[in-house]
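Some notes on the structure that comes next.
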């Protein structure tokens, strides 16, 4: 036992952790330098012929480029970083409020941009007027009759004291009634108003949505999936179908009515409305049914959502590259030998304003406080009367708007196309670098990744054949994670059993 | 009424732990296997390669991913990258050692992929869950980049594509371009058909053997350790399972399967490919979808998911054709995306165990039918 | 066994003492924790706690919520690493160890909130408990892949041996009927029992039970008490348990350690602890004003 007490009380790592700031930082920096030197030595011993292109040439080039071109690279990196941060912000918001790692954020950027560009450039040559609207309204009327039958049955006749308990048949009546009504009314109104009707893609989407929603609730009613406990109770069927069809209906009306180019000032708020409607639909159809699921299940669900939105967006607007111009300046300034793109500066300013606004919003307002409460503990937040659903809809709407801003900036830079969602994937390494729950983390992470990959591409890229921008961010984040698994600003997780 | 297990008693633990403990299942599976072996001789629509071989390759990859994601709980977004490793390893092996039997090449190519898998699985020492998913994303992007930027991998040719060399097995050509010089179209068709049938057979045998191996792995000690890590990694460690080693074994076995699938894709399906295009991030997602839709943590589910996702686009094109409608090719792609996305959401919400679970429920109902209680 | 069950049943009785204490031969010191301190950030979870456990003993660790009981168990089986102090187990002194290494040396554990593998059946859950009794080196693990792949020879034989062992535990715990049921679908009481089964499959020398009877009704508590006493009697397993039900604690334990605010305030037989004024204070909340 005496021997036991003679063991050192603390190991090297513990002593390091116990150091006080700022000494801790100094020691860490010194250690990092020592490790880097060691790596360099090993590297130089193993690959002597690679020393020049990897370890010498890039620095020579930086020296030669000093200061103007080097700073141009850095500034362009900073600006890219701001844009990454913009996308990452959307992730952070949703992650904080629902524990959901929203893979679909990238697609939401694309979706928002597609929506905006689609609205702005809308010049639909609609088909000649048809009388189809009448046929659809007849369908709607049949649906109404069915609904009436349903209510008559469940409310009971004048002699009955209590309404009859809803049976499977009456439920079926109700679902079919709702579906027929919304289907007929939706398309009928569109045909009536739009003087021609929606495009084929639209009609397919609209009708498929109704059929799928109705089918799900019919299956549920008839217990085809005996254990399918995740679906909402049958009484919600009508409401969910309503929210889906309303969302699509709103867009349909827009598509159907607008026959000339829409000014930005109208298209922008309309896109915002669409993004909010989207949040509502996502909440009703997805989030609500995934409460308390494992984070990996949530993650995969958002991948599914991403695929759906991508197909949806491109079905609506087609897969071509589109130009998006909302009037951001296009020229450039020359400052001290450096070329500064006005567009990029404007983008950075927009990003900065957005970030500042969000930070203010979530620190100082009531709903911000509610959001932070939800982020801390779902159960506790519920128990003090915060509605999770409201918070989720709000957060997804905010994320949608952030996505719209990011979409405007990215789309203005490189056109609105599918690859936009791939660029947005870069927000993932940004996030894990910065810490999943931290707004400042998203910004700092964005800047580090943006600058890091630009500098690496320009100066180290040639040594390995270029195009390292594709993976550099991921590898950088990965390496970083090995040393600090919770990210730069993330909270350290104490595991409990 | 035929599907009953009453009267079938097990007298040993071995019999109780057999893969198909119920006699009827055994009969059905054997019947099915005989059927798929006879199938190519009756298949005349020309879908043998474009559909069925592709399906088997996909099923192989889905098996691999299911081991990692479904059984060990580690989400991988780098499946296509690991498959690429297998394909390029097969190419290098076949071109460096021309005498090597093509089956050996396929089996060895998986090892390269397994090694890469272990390398990218190493971060699981420190990180897990979503973070690890991003690590596999890093693997995906890095690997596809290296398929383009490392000329050694494609023997420094200018186009950057790799082409399967012609190889024979038991005197029958099974890979590579078919020498068609001096042959009539009819003769060529016969030769082509023979090649495709032999490719089908090779893929089928590989798939059955590897599915059996996968089943054996997951029903024993290793599989239980994987599932323990998946269900609760902390508790698993506290009862004596080494988390890192168990996860790395899952990464190794999983990427081995993916590598074999990749070399099958290259040798028996595509014939020649370009690394950056054949193994893109979208393919990785598709494999993940196969596993989710088929059923996480189910061997049979891997087959169902692969079949579903392989057949979906073809059905989307053909069904409207049977109905006399024409749908634009682009619309089909978009529709496919939407349907996949919606199905993923549906399955994750309503039935996280996928098609395999639905099948199981159907079987349970059948076992009791026509007396539901 | 009958006597043990009888004692467990009338545990409301005031004169209850250590049921099997007189005739049980306590062995040497199996585990000694010495001067353990553990903190998370600024929160001191455990400060300078020392106690020991003898072979074949049933030791109860009690204390109000947040007293550091679970943290103490986590320190013993290596899940938390204390900043100060040492742990001597089977004569070897250490400050920290890997949890899986602790498991291999015979420290088994159940959890406050059931930590079963929810996607697996009862049988598979208990089978995982056999892991620490299987060879543990990289070579055998890799060889196992190939053997298991063909499901022949040693792999199959080992599998059947494990199954046979696990079946004995299943019989012991009387859970034959739920062998093939995924544990996620079981009621809470049964889950606790399966968890005990998984720990027993490890053939532990030291069994740590974290609130084995939390949330159980009287009947289930009696069953569980009986199982604990049986394990202690039949297998000679040393047991350290955390429990809030004082009746149970006083009945089944040989010795009681009381923690409060991360400090040990009492250590002795149930009678000694019951009459200790500091313990009474801690439980009634006196003396902290």
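Would it be correct to say that residue B:48 is within 28 Å of residue B:283 (Cβ to Cβ), surrounded by 13 or more Cβ atoms within 10 Å (Cβ to Cβ) and at pLDDT 90 or above?
It is false that residue B:48 is within 28 Å of residue B:283 (Cβ to Cβ), surrounded by 13 or more Cβ atoms within 10 Å (Cβ to Cβ) and at pLDDT 90 or above.
Which count do you get for residues in segment C:98-143 that are in a loop (DSSP other than H, G, I, E, B) and more than 9 Å from chain B (Cβ to nearest Cβ)?
Looking only at that region, the number is 8.
When you look at residue C:203, is it within 12 Å of chain B (Cβ to nearest Cβ) and not in a loop (DSSP other than H, G, I, E, B), yes or no? Give the steps one after another, and end with the answer.
Details: within 12 Å of chain B (Cβ to nearest Cβ): yes; not in a loop (DSSP other than H, G, I, E, B): no.
Answer is no for this residue.
So that you can scan it fast, the table gives a plain yes or no per residue for (1) within 14 Å of another protein chain (Cβ to nearest Cβ); (2) in contact with a helix residue (DSSP H, G or I) (Cβ under 6 Å, 6 or more places away or on another chain); (3) surrounded by 13 or more Cβ atoms within 10 Å (Cβ to Cβ):
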{"site": "B:13", "(1), (2), (3)": "yes, yes, yes"}
{"site": "B:40", "(1), (2), (3)": "no, yes, yes"}
{"site": "B:65", "(1), (2), (3)": "yes, yes, yes"}
{"site": "B:83", "(1), (2), (3)": "no, yes, yes"}
{"site": "B:95", "(1), (2), (3)": "no, no, yes"}
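Which of the following residues is away from chain B (no Cβ under 13 Å) and under 29 Å from residue A:117 (Cβ atoms): A:488, A:447? So that I can check it myself, show each step before the final result.
On the way: A:488 fails: under 29 Å from residue A:117 (Cβ atoms).
The match here is A:447.
Filter segment C:144-199 down to the residues that are touching a residue at least 24 places away in the same chain (Cβ under 8 Å), part of a helix (DSSP H, G or I) and either more than 15 Å from residue C:129 (Cβ to Cβ) or at the interface with another protein chain (Cβ under 10 Å from one of its Cβ atoms) (or both) and list them by number.
Hits for segment C:144-199 are C:158, C:162, C:163, C:166, C:178, C:183, C:184, C:188, C:189, C:195, C:198, C:199.
Filter segment B:293-302 for residues that are closer than 17 Å to residue B:351 by Cβ and assigned to a helix (DSSP H, G or I) and give the result.
Narrowing segment B:293-302 to residues closer than 17 Å to residue B:351 by Cβ: B:293-298, B:300-302.
Those that are closer than 17 Å to residue B:351 by Cβ and assigned to a helix (DSSP H, G or I): B:293, B:294, B:300, B:301, B:302.
Please work out if residue A:365 is more than 21 Å from the chain's Cα centre (by Cα) and more than 9 Å from every other protein chain (Cβ to nearest Cβ).
yes
Take residue A:460 and tell me if it is outside any loop (DSSP other than H, G, I, E, B), surrounded by fewer than 24 Cβ atoms within 10 Å (Cβ to Cβ), facing chain B (nearest Cβ under 9 Å) and modelled with pLDDT of 80 or more.
Values: outside any loop (DSSP other than H, G, I, E, B): yes; surrounded by fewer than 24 Cβ atoms within 10 Å (Cβ to Cβ): yes; facing chain B (nearest Cβ under 9 Å): no; modelled with pLDDT of 80 or more: yes.
No.
Of all residues in segment C:253-272, how many are crowded, with 20+ Cβ neighbours inside 10 Å, touching a strand residue (DSSP E or B) at 6+ places or on another chain (Cβ under 6 Å) and either touching a residue at least 24 places away in the same chain (Cβ under 8 Å) or not assigned by TED's automatic domain parsing to the domain that holds residue C:223 (or both)? Walk me through it before giving the result.
Kept after step one, since they are crowded, with 20+ Cβ neighbours inside 10 Å, are these residues of segment C:253-272: C:253-260, C:262, C:264, C:266, C:270.
Filter once more, keeping what is touching a strand residue (DSSP E or B) at 6+ places or on another chain (Cβ under 6 Å): C:253-258, C:262, C:264, C:266, C:270.
From what is left, the residues that are either touching a residue at least 24 places away in the same chain (Cβ under 8 Å) or not assigned by TED's automatic domain parsing to the domain that holds residue C:223 (or both) are C:253-258, C:262, C:264, C:270.
Summing the residues that are crowded, with 20+ Cβ neighbours inside 10 Å, touching a strand residue (DSSP E or B) at 6+ places or on another chain (Cβ under 6 Å) and either touching a residue at least 24 places away in the same chain (Cβ under 8 Å) or not assigned by TED's automatic domain parsing to the domain that holds residue C:223 (or both) in segment C:253-272 gives 9.
Failed condition for residue C:194, given (1) modelled with pLDDT of 90 or more; (2) in contact with a helix residue (DSSP H, G or I) (Cβ under 8 Å, 6 or more places away or on another chain); (3) surrounded by fewer than 20 Cβ atoms within 10 Å (Cβ to Cβ), with all others met?
Only one criterion is unmet by residue C:194, namely (3).
Report the residue count in segment B:338-355 for those that are modelled with pLDDT under 80 and over 14 Å from residue A:297 (Cα atoms).
Of the residues in that region, 0 qualify.
Within segment C:81-95, how many residues are in a loop (DSSP other than H, G, I, E, B) and more than 9 Å from every other protein chain (Cβ to nearest Cβ)?
Residues that pass the stated criteria total 3.
Rundown of residues vs (1) over 21 Å from residue B:277 (Cα atoms); (2) without any contact (Cβ under 8 Å) to a residue 40 or more places away in the chain; (3) in a helix (DSSP H, G or I), yes/no style:
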residue	(1), (2), (3)
B:62	no, no, yes
B:70	yes, no, yes
B:73	yes, no, no
B:76	no, no, no
B:81	no, no, yes
B:87	no, no, yes
B:92	no, no, yes
B:99	yes, yes, no
B:105	yes, no, yes
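Considering only segment A:396-408, I want to know if a residue exists there that is within 14 Å of another protein chain (Cβ to nearest Cβ), more than 23 Å from residue A:348 (Cβ to Cβ) and assigned to a helix (DSSP H, G or I).
No - not one qualifying residue is present in segment A:396-408.
Step by step: first the residues of segment A:83-112, then only those that are at pLDDT below 85 and not in a helix (DSSP H, G or I), then the one that is surrounded by the fewest Cβ atoms within 10 Å (Cβ to Cβ). Which residue is that?
This residue is A:99.
Looking at B:272, B:280, which is the one that is within 14 Å of chain A (Cβ to nearest Cβ) and surrounded by fewer than 24 Cβ atoms within 10 Å (Cβ to Cβ)?
Among B:272, B:280, only B:280 is within 14 Å of chain A (Cβ to nearest Cβ) and surrounded by fewer than 24 Cβ atoms within 10 Å (Cβ to Cβ).
Within 21 Å of residue B:57 (Cα to Cα), away from every other protein chain (no Cβ under 12 Å) and touching a residue at least 60 places away in the same chain (Cβ under 8 Å), is that true of residue B:255?
Spelling it out, residue B:255 is indeed within 21 Å of residue B:57 (Cα to Cα), away from every other protein chain (no Cβ under 12 Å) and touching a residue at least 60 places away in the same chain (Cβ under 8 Å).
The values are calculated or read from the model by the stated rules, or taken from the named source; none is laboratory data. All values derive from a computational prediction rather than experimental measurement. All Cβ positions, glycine included, derive from the backbone under ideal geometry; neighbour counts span all protein chains shown.
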